[in-house]
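Only one structure is covered here, and it is reproduced in the block below.
None of the figures in this text is laboratory data; all of them are computed from the coordinates on show. The shown structure was predicted, so the numbers you read here are calculated from the model rather than taken from an experiment. FYI the Cβ positions are ideal-geometry reconstructions off the backbone, even for glycines, and counts take in every protein chain you see.
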Amino acid sequence: MIRNIQALRFLAAFAVLAYHAGTQYFAIGTGTWLGPFLAAFTPYGMAGVDVFFVISGYIIWHATRGRQGPADAAAFLVTRLARVYLGYWPWLVIAVLLAHLVDGADFARFNLQGSLFLFPLGGTLVIIVAWTLTLEVMFYLVFAASMLLPRPAILAVLALWSACALAVMGKGSLWLTPYALEFAAGALLAAAVARFGAPRPSWSLAALAATLVMAVGWHSETILERVLVVGPFGVAAVALAVALEARGWTAGRALVVLGDASYALYLCHLPIMLAVIRLLSRPVAENPDLAFAAMMLATVLVSVGWYLAVERHVTAATRAAVRQLLPVRPRRLATLGA
């Protein structure tokens, strides 16, 4: 049940792209064609980040079925960290070059150490959306450590992590971020699907509609409020994707490829938007509608091209190298809740 989740990855990344492109749209002007639509819907684009976190929890639980112990945990962690950093660093270099050559950026204002290693956060990152990658890395570390325990105990660890994040009301350290609840919710959903089967599409659709109504008009003051309001929408969206695929309603090849390219899209959209705005002819760059269309189209095309030409080959080579360096035992039969 992965094809629909890959398609959902693309929709989540596309929503974030639309949010930032919409922000640039209104920085240029009010426009004529797209203005009313973007004014109404663009603010909700950042909910794509919350959907991403739920997807991460779901995929990690699904991908580690039958994996347990130090060797499996090490292989999991190395593979996931390589995926994050090897996908991120090329776009960091490109972003630095574009910021310098196209925008004449002053790098003294950037947190270069945080931008390179994703730790520590604070200050301005070169790619501002990279803060989400820091949270992804934290989740991988927590999950890898919990893989040393029996499989059902992993859910207990994630539940405890979430409870601690709730207890500090979003005011704790970065390790107690409220976003932990979205990772944990995704893993719990995957465990429930493995144990009880996929939910009915009608139930998932009803849940999606209910959580969407709850999220409309949301103006959260804190991250915790955002997670509690938008997180359920992310869970319902993933549940619906799984439910539909279980009934044979799967995304087409084009959407799956776009989903495969979603990581590149997420990382490249801000540098590409900068380049598009600076390099477009003046009449186009000063027309919000045309500029918005150009930013969206260029980002999608570049991300798909990058995935097909570079990223998928790097990912395959990385996985092969990890299998050679850290051989793992064959998968064991899934245990209860696996």
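With all distinct Cα pairs included, what does the Kirkwood hydrodynamic radius of the chain come out to in Å, to one decimal, could you say?
Working: mean 1/r = 0.0476 Å⁻¹.
Evaluated on the chain, it is 21.0 Å.
Relative to one another, the C-alpha centroids of region 66-123 and region 33-51 are positioned 27 Å apart. Using alpha carbons only, the radius of gyration of region 189-338 set against its Kirkwood radius gives Rg/Rh = 1.06.
Percent relative contact order of region 96-151, based on C-alpha pairs within less than 8 angstrom and at least six residues apart?
Numbers: 35 pairs, mean separation 12.1, N = 56.
Dividing the mean separation by the residue count of region 96-151 yields 22 percent.
Between residue 74 and residue 225, what is the FRET efficiency for a Förster distance of 41 Å, r being their Cβ-Cβ separation, to the nearest 0.05? Once rounded, the FRET efficiency stands at 0.65. Remark: the residue 37-residue 23 segment gains 3.8 nm on full extension, using 0.36 nm per residue and subtracting the alpha carbon distance. Screening the chain for DSSP H helices whose Cα atoms reach 30 Å or more along their own axis and whose mean Kyte hydropathy is at least -0.5 gives 3-28, 70-101, 223-246.
Please give the calculated 222 nm ellipticity per residue for the chain, where each DSSP H segment of at least 4 residues contributes -39500 (n - 2.57) and the sum is spread over every residue; nearest 500 deg cm²/dmol? If you can, show how the numbers build up before the last one.
Values: 15 runs with 240 residues, N = 338.
Using -39500 (n - 2.57) per qualifying helix, the result is -23500 deg cm²/dmol.
Relative contact order for region 3-325 using alpha-carbon pairs under 8 Å, separation at least 6, rounded to a whole percent? Provide the component values of the computation, followed by the final result.
Numbers: 404 pairs, mean separation 101.3, N = 323.
It comes to 31 percent, rounded to a whole number.
In a fully extended conformation the segment linking residue 293 and residue 253 would gain 12.0 nm over its present Cα-Cα distance, using 0.36 nm per residue. In terms of packing, defined here as the mean over residues of other Cβ atoms within 10 angstrom, the peptides 202-211, 138-147, 281-290 line up highest first as 138-147, 202-211, 281-290.
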